[in-house]
Structures are given as C-alpha cells and as structure tokens.
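The values are calculated or read from the model by the stated rules, or taken from the named source; none is laboratory data. Quantities reported herein were computed from a predicted structural model and do not represent experimental measurements. Cβ placement follows ideal geometry from the backbone for every residue including glycine, while neighbour counts extend to all protein chains displayed.
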Amino acid sequence: MDLMQGLLTRRSVRKFTYEPVAKEDIIDMIKAAQYAPSAHNTQPWSFLVIDDKEALKDFRHLQRSALFAENAPLVILVCGDKNIAFSREKEGWSYLNIDCAAATENLLLAAHAKGLGACWCGAAPMTKPMTDIAERFKLPENIVPFAIVVIGHPAETPKQPENRFDENKIYWYHD
Ligand SMILES: Cc1cc2nc3c(=O)[nH]c(=O)nc-3n(C[C@H](O)[C@H](O)[C@H](O)COP(=O)(O)O)c2cc1C
C-alpha cells in the first residue's frame, strides 16, 4: 500500500473476527511503532502484548470506552517509560505522551498496511484508567500506560469520511 493512500484510508475498526493475529504481524507492527520519531531520540516506549481472553475482558472495567476489546483477539498496550523520556521535572514538562502518540499512530498505520483493523483507545492522560491498568498488568513504577490499541482482522468496513481536508485550517504566513 502506498504510504499516502494508507494515511488517507486508515479508519478506526472496532469489530473483529475471532481469527488470531499472527505473531510475525505483531512484531512488524511494534517495529513500525519503534521507528517513530521521539524527542532527543529517547524512544521512551514499551509494548505489552495482550491476547489472553480473560485479560481482554477486563478492559470493560479498566477503560469503558475500550470495552470492545473483549471481542478482539489482541490488545497492544503502548506504554511510556517516565525515566527515559526527554523531560524537565522542575519545569513540569515531559515529551513522554507526545512520543508515545507518534509510536501509536505508526502502529495503527502498520496494522492498516497489513489489512488488519485497529482502534486507538485512550488511557493517558486519564488518571483512573492509567492507574487501574498499571495495577492490573503489574507494570513497574516507571512504566505508564499510554494507549490501548485494539487490533484484529476486521469484521466491519467503516465508512470513509467525505472529506477531512479543510483549507480554512491552513494559514500561510507572510511578513
Ligand atoms: C487519543 C485518542 C483516544 C481515543 N480513544 C478512543 C476510545 O477510547 N474508544 C474508541 O472507540 N475510540 C477512541 N479513539 C478513536 C477515535 O474515536 C477516532 O480516531 C475518531 O473518531 C476518528 O475516526 P478514524 O480513526 O476512523 O479516523 C481515540 C482516538 C485518539 C486519537
């Protein structure tokens, strides 16, 4: 698939067949995620692969908006490492979430390129789901959940938007 075509045709998929996702495809998607840009090239991400049926059902309680994970074969939990991200604690900022967002988008695009369906479900910056997920999956203290990416072979074909291109949101700077 041409990259530009992939960018324009990726849609969130929330219904999946029961077919499992091949391990090779899981590795490829995570590889794509790891090629994302990150501030100071810190690559502060890690990925928890969850395909256990009971664990997938738990997302219903961990993050309500990701409840359809219970009918999916796979979740890749994109996490960030607080200790690695480019940040300034004294100034109160960190690039952690921004870097993880870039990795998550790469993951979604790789899934699409493989003919898989995926949906980014938010964990960060919502404190309760972040805490509950970290507890449920026994994440180390420095590792924080960022996104719940639900993945599988698509059982729906979401409608493509009419046209998201909006010229009015482009401003051409001239002195
Ligand atoms: C930060 C973020 C959080 C999201 N959280 C959820 C979510 O919790 N549940 C869900 O079903 N979709 C979630 N989405 C998917 C959006 O609803 C979806 O991207 C949007 O409606 C546009 O549709 P598209 O992805 O098909 O272009 C999230 C997307 C982003 C970027």
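For the reader, a short list of remarks on this structure follows.
- Residues in the range 1-21 that are under 17 Å from residue 152 (Cβ atoms) and either within 16 Å of the ligand (Cβ to nearest atom) or in contact with a helix residue (DSSP H, G or I) (Cβ under 9 Å, 6 or more places away or on another chain) (or both): 10, 11, 12, 13, 14, 15, 16, 18, 21.
- Residue tally, condition more than 15 Å from the ligand (Cβ to nearest atom) and under 25 Å from residue 7 (Cα atoms), over the range 116-134: 0
- Close pairs from the range 155-175: first modelled with pLDDT of 95 or more, partner outside any loop (DSSP other than H, G, I, E, B), Cβ under 6 Å, at least 6 apart: 155/16
- If you filter the range 68-94 down to residues that are within 16 Å of the ligand (Cβ to nearest atom) and not in a helix (DSSP H, G or I), you find that the one that is farthest from residue 32 (Cα to Cα) is 72.
- Of all residues assigned to the range 107-115, none qualifies as being farther than 25 Å from residue 13 by Cα and more than 16 Å from the ligand (Cβ to nearest atom).
- Matching option when the condition is under 28 Å from residue 24 (Cβ atoms), of a type in the set (A, V, I, L, M, F, W, C) and touching a Ser or Thr at 6+ places or on another chain (Cβ under 7 Å), among 84, 76: 84
- Restricting attention to the range 19-40, the residues being in contact (Cβ under 8 Å) with a residue 60 or more places away in the chain and over 26 Å from residue 85 (Cβ atoms) number 3.
- Residues satisfying the stated conditions in the range 115-144, i.e. over 17 Å from residue 55 (Cα atoms) and over 16 Å from the mean Cα position of the chain (by Cα): 115, 127, 128, 140, 141, 142
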